[in-house]
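Structure, as structure tokens:
The values are calculated or read from the model by the stated rules, or taken from the named source; none is laboratory data. These numbers come from a predicted model, not from an experiment. Here the Cβ positions follow ideal geometry from the backbone for every residue, glycine too, while neighbour counts run over all protein chains shown. Protein only, heavy atoms only, side chains kept; ligands, DNA and RNA dropped before computing areas. Shrake-Rupley method; radii C 1.70, N 1.55, O 1.52, S 1.80 Å.
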Amino acid sequence: MPIVVQKYGGSSLSTLEKIDLLAAKLAERERREDKLVLVVSAMGETTNELTRLAYELTPSPPARELDMLLATGEQQSIALMAMALHKYGIDAISYTGVQVGLKTDTLHTQAKVLGVNSDKILGQIEKGKVVIVAGFQGVTAEDDVTTLGRGGSDITAMALAVALKADRLEKCTDADGVYTADPRIYPDARRIDRLSYEEMLEMSYAGAKVLHPRAVFFAWKYRIPILVKHAHLEGQGTWIEELEENVEQPIISNVTQDATIAKLTVYGVPDRPGMACKIFETLAAQDVAVDMIVQSTTMRDVNDISFTIKRGDLARAKGALESLARDYPGMDVQAEEKVAKITLIGLGIRSDSHVATGMFRALADEGINIQMIATSDVKISCVIEEAQLKSGVRALCRKFFL
Ligand code: ADP
Ligand code: ASP
Ligand code: MG
């Protein structure tokens, strides 16, 4: 019988009522269909609350202990979910990441999954049980608890789907599918029926929270279809799967925004081999990931290099570059926090040169200045002022989806 992995996010489990409703709905389903494995996140704002507690105690909690603390959020929800299912007559059993042998590397708070032991879960499925696994957490070879980074329950769910050779992953969330834009920003956005892995991966990298990029990456690699649907409401949802490009394909599938970025500019960089390398090595040494990079044309033997990073990395990145700049007279570092990225995504972009001009026209008509541009086969991203993000998203939706 096919195995289906379902992942439930924190917002879908934020109250006992929601957990109870979910259990009642699952009880109906379990009497009908496939074998279920559930992956659950911590309830509501639990992970934020636990993080706040740690930082209230100390400005620099040891990463190992932070993981110990954060992992408790998911441990609460697996147990409650199992109890709720028992209440409706479903034989369910809960497991932590440690218990299912979800092995990771040792990079606390950002650990990467190395593998998972499927035997235990398969054994319980054979006994007719619904297995509930804690998302977001794993264990190192030294038996230390790790977490996979924010939003990491999606990764747990996909790792299990791969290990169990599941038929599909159902991501059950607070939206009834993937929309042409974040429905919280553009309420008139439309649900998309089907999306390619490539488009979804670009969307996730561009900042759409709806699926974690690493989960989409694994889904694509192992060709596991994902169905994004509402946790509590019935609906068609959105399928993410292998799609043939064809003339029926809409040129643009969606507009995605990311307001969690910051921009750094290094002025007066000597125009000689090795300087860009030095700057980005400095950032890499601080574990700062760089996204868009723009270098200006050379004037008087120097140029400027601008790039975007995660806003949370800004202080660390700026500090490191300022100490590098001390070695180079005239070099200076400037940070801008209030910027955001707006991205247009679609398989059709690679074959239509009018998309870029349409995007720039729509932003210009809103009086939005473009600070940086990056393109790939299936996306065009612009960095703009954060305050103009919502009006930018709406302008692009009106231009491309009406
Ligand atoms: P979960 O806790 O279930 O993992 P998330 O909050 O991480 O849920 O992701 C779901 C959210 O993603 C939605 O509430 C929605 O605001 C946001 N989102 C952003 N872009 C989109 C989009 N294009 N379509 C649907 N949801 C989107
Ligand atoms: N609870 C974790 C978080 O809030 C993991 C997740 O929800 O996916 O980031
Ligand atoms: Mg999430």
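Quick notes
- Qualifying positions in the range 33-48 - in contact with a Gly (Cβ under 8 Å, 6 or more places away or on another chain) and surrounded by fewer than 22 Cβ atoms within 10 Å (Cβ to Cβ): GLY44, GLU45, THR46
- Qualifying residue in the range 140-158 (condition: more than 16 Å from ligand 1 (Cβ to nearest atom) and polar (S, T, N, Q)): yes
- Residue check for LEU53: assigned to a helix (DSSP H, G or I) and open to solvent by 40 Å² or more (accessible area, probe 1.4 Å): yes
- Total residues in the range 165-195 satisfying the condition of being over 25 Å from THR104 (Cβ atoms) and in a loop (DSSP other than H, G, I, E, B): the figure is 19.
Residues checked against (1) under 30 Å from LEU160 (Cβ atoms); (2) modelled with pLDDT under 90; (3) under 18 Å from the mean Cα position of the chain (by Cα):
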{"residue": "ARG223", "(1), (2), (3)": "yes, no, no"}
{"residue": "VAL228", "(1), (2), (3)": "yes, no, yes"}
{"residue": "TRP239", "(1), (2), (3)": "yes, no, yes"}
{"residue": "ALA262", "(1), (2), (3)": "no, no, yes"}
{"residue": "TYR267", "(1), (2), (3)": "no, no, no"}
{"residue": "CYS277", "(1), (2), (3)": "no, no, no"}
{"residue": "THR298", "(1), (2), (3)": "no, yes, no"}
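- Picking from residues in the range 151-187 that are over 23 Å from HIS232 (Cα atoms) and under 19 Å from the mean Cα position of the chain (by Cα), the one that is surrounded by the fewest Cβ atoms within 10 Å (Cβ to Cβ) is VAL162.
- Subset of the range 51-101 (residues that are farther than 21 Å from ALA157 by Cβ and either within 16 Å of ligand 1 (Cβ to nearest atom) or among the aromatic types (Phe, Trp, Tyr) (or both)): THR51, TYR55, TYR88
- Strands (runs of 3 or more DSSP E) enclosed by the range 59-164 - at least 1 residues per element that are small (Gly, Ala, Ser) and out of contact with any Ser or Thr (no Cβ under 6 Å at 6 or more places or on another chain): 92-95, 113-115
- Where a residue in the range 289-306 is touching a residue at least 24 places away in the same chain (Cβ under 8 Å) and its partner, wherever it lies, is of a type in the set (Asp, Glu) and open to solvent by 70 Å² or more (accessible area, probe 1.4 Å), with Cβ under 9 Å and at least six apart: THR298/ASP271; ASP301/ASP271; VAL302/ASP271; ASN303/ASP271
- The C-beta contact set for the range 130-145 (first residue aromatic (Phe, Trp, Tyr), second residue part of a loop (DSSP other than H, G, I, E, B) and surrounded by 24 or more Cβ atoms within 10 Å (Cβ to Cβ), distance under 8 angstrom, 6+ apart or interchain) comprises PHE136/SER41; PHE136/ALA42; PHE136/GLY97; PHE136/LEU148; PHE136/GLY152.
- Matching residues, the range 197-209, being open to solvent by 10 Å² or more (accessible area, probe 1.4 Å) and within 17 Å of THR375 (Cβ to Cβ): GLU198, LEU201, GLU202, TYR205, GLY207
- Residues being open to solvent by less than 40 Å² (accessible area, probe 1.4 Å), more than 21 Å from the chain's Cα centre (by Cα) and of a type outside the set (A, V, I, L, M) - total across the range 109-127: 3
- Odd one out for LEU283 among (1) of a type outside the set (Asp, Glu); (2) under 21 Å from CYS397 (Cβ atoms); (3) touching a strand residue (DSSP E or B) at 6+ places or on another chain (Cβ under 9 Å): (2)
- Residue ID - farthest from ASP365 (Cα to Cα), chosen from residues in the range 379-394 that are among the small types (Gly, Ala, Ser) and open to solvent by 10 Å² or more (accessible area, probe 1.4 Å): ALA387
- Matching residues in the range 369-393 - criterion: being more than 13 Å from VAL355 (Cβ to Cβ) and in a strand (DSSP E or B): MET372, ALA374, VAL383, ILE384, GLU385
- Neighbours by Cβ (under 7 Å, 6+ apart or cross-chain): first from the range 4-16, more than 25 Å from LYS35 (Cβ to Cβ); second crowded, with 21+ Cβ neighbours inside 10 Å: SER14/MET43
- Members of the range 1-24 that are buried (at least 20 other Cβ atoms within 10 Å of the Cβ) and either among the aromatic types (Phe, Trp, Tyr) or within 16 Å of ligand 3 (Cβ to nearest atom) (or both): VAL5, GLN6, LYS7, TYR8, GLY9, GLY10, SER12, LEU13
- Candidates THR72, THR106 - the one that is of a type in the set (Ser, Thr, Tyr), open to solvent by 10 Å² or more (accessible area, probe 1.4 Å), under 25 Å from the mean Cα position of the chain (by Cα) and within 14 Å of ligand 2 (Cβ to nearest atom): THR72
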